[in-house]
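J.: Structure incoming, see below.
The values are calculated or read from the model by the stated rules, or taken from the named source; none is laboratory data. Quantities reported herein were computed from a predicted structural model and do not represent experimental measurements. Heads up, the Cβs are rebuilt from the backbone with ideal geometry, glycines too, and the neighbour counts pull from every protein chain shown. SASA here: full protein model, heavy atoms, side chains in, ligands and nucleic acids out. Shrake-Rupley method; radii C 1.70, N 1.55, O 1.52, S 1.80 Å.
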Amino acid sequence: MATGQLFSRTTQALFYNYKQLPIQRMLDFDFLCGRETPSVAGIINPGSEGFQKLFFGQEEIAIPVHSAIEAACAAHPTADVFINFASFRSAAASSMAALKQPTIRVVAIIAEGVPESDTKQLIAYARANNKVVIGPATVGGIQAGAFKIGDTAGTIDNIIQCKLYRPGSVGFVSKSGGMSNELYNTIARVTDGIYEGIAIGGDVFPGSTLSDHVLRFNNIPQVKMMVVLGELGGRDEYSLVEALKQGKISKPVVAWVSGTCARLFKSEVQFGHAGAKSGGELESAQAKNQALKDAGAVVPTSFEAFEATIKETFDKLVEEGKVTPVKEITPPPIPEDLSSAIKSGKVRAPTHIISTISDDRGEEPCYAGVPMSSIIEKGFGVGDVISLLWFKRSLPRYCTQFIEICIMLCADHGPCVSGAHNTIVTARAGKDLVSSLVSGLLTIGPRFGGAIDDAARYFKDAHDRGLTPYEFVESMKKKGIRVPGIGHRIKNRDNKDKRVELLQKFARTHFPSVKYMEYAVQVETYTLTKANNLVLNVDGAIGSLFLDLLAGSGMFSKQEIDEIVEIGYLNGLFVLARSIGLIGHTFDQKRLKQPLYRHPWEDVLYTK
């Protein structure tokens with residue numbers, strides 16, 4: 001066990017099992033104390049590496065993250081404190097691994113419920129190697145104005161109120177972390193404050209004892225008096241009694257053992273801590289308080305008198321000239337996090353993203369204001385979800401059915417079209433699903449599957465302006481623009497695209513009006529007089545029929561319809577649908593274990 005001061009203004013720690021709040025509190029304390037370097041040198045998060053962004057005052061810093069204790073210790077040889085926020089299941093193993101590192105001097109174990117047999121092994125190893133264990137079941141410790149462990153002393157407001165941003169003259173040790181916060185405040189009210197405070201933890205076998213720390217405090221010149229808060233159960237306080245009797249402690253010790261109320265209960269009572277259970281008269285709070293008093297400690301008559309007793313002892317030291325009260329300083333203000341400032345109404349901050357189609361902040365996600373449970377309970381299909389997320393309204397059933405038909409009919413068109421070919425080649429090159437899918441999607445454009453929006457745009461403009469099919473086609477010809485939605489490499493007058501026929505049949509049966517589709521058919525009739533393959537293709541059919549859907553449903557204004565066509569909604573249908581097929585082609589090639597594709601020489605015209 002160390003015999004003097006554990007921490008200083010240059011102490012740095014390794015933090016095991018990343019927890020944002022306690023680390024940020026440590027860094028805020030550093031800034032409050034005027035430290036030049038952050039007290040957290042590195043973070044150990046098993047399975048993760050990289051950096052975590054946190055604040056050191058107003059400056060945002062990146063703290064290295066390591067996946068293993070050994071790697072972290074090697075990377076930060078000056079960090080000699082190990083703060084272990086692991087669960088009780090792994091706290092012992094990780095703590096032992098840390099103790100075995102030559103650079104680690106102090107290990108703080110926060111977890112409660114660490115098996116006692118494991119704790120005993122940690123204690124034995126630490127004592128044999130002159131190292132310090134604080135905990136288990138501890139909040140940690142603090143050296144005022146220098147260094148603190150995790151959540152010790154709570155919030156910044158509490159730290160400022162307790163004057164922990166600068167050193168005082170009192171050494172404090174307790175079993176309870178919660179009561180430590182209370183006593184820090186009490187001591188700050190009646191003395192010049194804490195120099196160092198330790199919560200050893202409430203387990204039956206603490207890694208270090210009350211007397212271990214009191215003996216340390218006795219060797220620290222800046223500590224002029226000690227305050228000890230024990231509790232019923234166990235024999236730890238008696239080691240302090242023996243140290244007092246043997247004259248090992250030369251400074252005043254004000255002590256109180258809580259739990260005097262236990263005698264009011266007829267049967268044995270287990271208090272909050274695992275060790276807070278009286279196992280006989282010697283372990284009672286009354287017996288311990290009497291033993292401490294007999295050994296020379298200053299013991300009040302009750303906990304209520306504890307504060308006054310601390311004050312009397314400190315004032316006496318001041319009168320004797322043994323203590324020169326510390327001059328008060330004003331700590332720097334800690335910048336408030338934006339999130340808390342917004343919550344408290346202190347600032348206004350602009351948002352960075354606007355979303356009108358979905359909301360995941362409530363108990364369940366909503367699509368355009370419709371809860372997920374309603375979508376399932378009402379039996380909505382994919383078309384209904386698209387209508388909510390794309391059009392922000394619930395369209396009639398015939399509309400959502402049409403959307404689903406479009407998706408089914410356009411899901412795939414064989415392995416030879418450019419999108420499928422690209423996907424197949426990419427999958428056979430050993431690339432992953434997303435890469436293979438994207439390689440196929442990137443071929444979608446004016447020449448492949450991307451003509452739906454253009455078809456809708458041109459058909460709508462020509463129809464609304466009252467152009468005859470002849471005027472429309474010839475005007476496009478003069479501009480050097482092929483009519484989108486007209487023409488096919490394979491299909492012709494005598495072998496029309498079955499998909500087009502199915503879409504037209506559904507629309508004539510269910511749509512209130514098909515004026516744009518009929519106009520497209522008239523255009524087809526004229527273009528067939530020019531060439532046998534200038535038939536209405538699936539792009540033209542979907543484009544014209546979607547115009548009928550938008551106009552006929554009565555749910556969209558003219559401006560909204562124009563915007564939908566302009567933005568590219570209709571091509572989105574083809575992208576969504578064809579993704580299904582491209583994913584299928586990827587899986588097909590992977591399943592067939594096809595080798596790398598190489599295009600045959602004989603299919604290439606080599607020329608100068």
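J.: Considering amide H positions built from the backbone, and no H for Pro or chain starts, which residues 5 or more places from I44, or on another chain, come under 5 Å of its amide H?
T.: Hits under the 5 Å cutoff: F15, Y16, N17, H66.
J.: Using only the alpha-carbon atoms, what does the chain span along each of its principal axes? Please give whole angstrom values in decreasing order.
T.: Between the extreme Cα coordinates on each principal axis of the chain lie 117, 56, 50 Å.
J.: Just going by the charge dipole of the stretch 1-142, with Lys and Arg at +1 and Asp and Glu at -1 on Cβ, which of Q52, Q20, M96 is farthest out on the positive end?
T.: M96
J.: So, one more: Please compute the contact order of the chain in relative form: average sequence separation of alpha-carbon pairs under 8 Å and at least six residues apart, divided by the residue count, as a percent.
T.: 9 percent
J.: Name the long-range amide H neighbours of V227: under 5 Å, sequence gap of 5 or more, or other chain; modelled H, no Pro or chain starts.
T.: Under 5 Å from the amide H of V227: G171, F172, V173, V254.
J.: Further question: Counting heavy atoms of the protein chains only and a 1.4 Å probe, report the per residue accessible area for the chain as a whole number of Å².
T.: 49 Å²
J.: On full extension of the chain, what length is gained from F587 through K53, given 0.36 nm per residue of separation minus the C-alpha to C-alpha distance?
T.: Value of the extension gain: 188.3 nm.
J.: How large a share of the accessible area of the chain, in percent, is made up of carbon and sulfur atoms when the probe is 1.4 Å and the other protein chains stay in place?
T.: Its accessible area is 55 percent carbon and sulfur atoms.
J.: Express the Stokes-Einstein translational diffusion coefficient of the stretch 154-256 in µm² s⁻¹, to the nearest whole number, given a Kirkwood radius over alpha-carbon pairs, 20 °C and a viscosity of 1.002 mPa s.
T.: D = 156 µm²/s.
J.: What number does the stretch 411-592 give for Rg over Rh if you use C-alpha atoms and the Kirkwood radius?
T.: My calculation puts Rg/Rh at 1.01.
J.: Please work out the Cα convex hull volume for the stretch 90-143 and give it in Å³ per residue.
T.: 69 Å³
J.: In the stretch 411-592, with Lys and Arg counted as +1 and Asp and Glu as -1 at Cβ, which of these residues, Q504, G540, V417, has the Cα nearest the positive end of the dipole, that is, farthest along it?
T.: The Cα lying farthest towards the positive end belongs to V417.
J.: Report, in debye and to the nearest 20, how large the dipole of the chain comes out about its Cα centre when Lys and Arg carry +1 and Asp and Glu carry -1 on their Cβ.
T.: Using Cβ point charges on Lys, Arg, Asp and Glu, the chain gives about 1420 debye.
J.: Something else: Note the direction-averaged projected area, equal to a quarter of the hull surface, for the Cα convex hull of the stretch 280-341, in nm².
T.: 8.9 nm²
J.: What figure, in Å² to the nearest 10, do you get for the accessible area of K251 with a 1.4 Å probe and non-protein molecules left out?
T.: Looks like 40 Å² after rounding.
J.: What is the ratio of the Cα radius of gyration of the stretch 13-320 to 2.2 N^0.38 Å, with N the residue count, to two decimals?
T.: Dividing the Cα Rg of the stretch 13-320 by 2.2 N^0.38 Å gives 0.99.
J.: Out of all DSSP beta bridges in the chain, what portion is antiparallel? Express it as a percent rounded to 5.
T.: If we restrict to bridges inside the chain, about 40 percent are antiparallel.
J.: Order of 298-304, 374-380, 79-85 by packing, highest average Cβ count within 10 Å first?
T.: Per-residue Cβ counts within 10 Å, averaged per peptide and sorted highest first, yield 79-85, 298-304, 374-380.
J.: Which value, in debye to the nearest 20, describes the size of the charge dipole of the stretch 13-320 about its Cα centre when Lys and Arg Cβ atoms bear +1, Asp and Glu Cβ atoms bear -1, and nothing else is charged?
T.: Using Cβ point charges on Lys, Arg, Asp and Glu, the stretch 13-320 gives about 420 debye.
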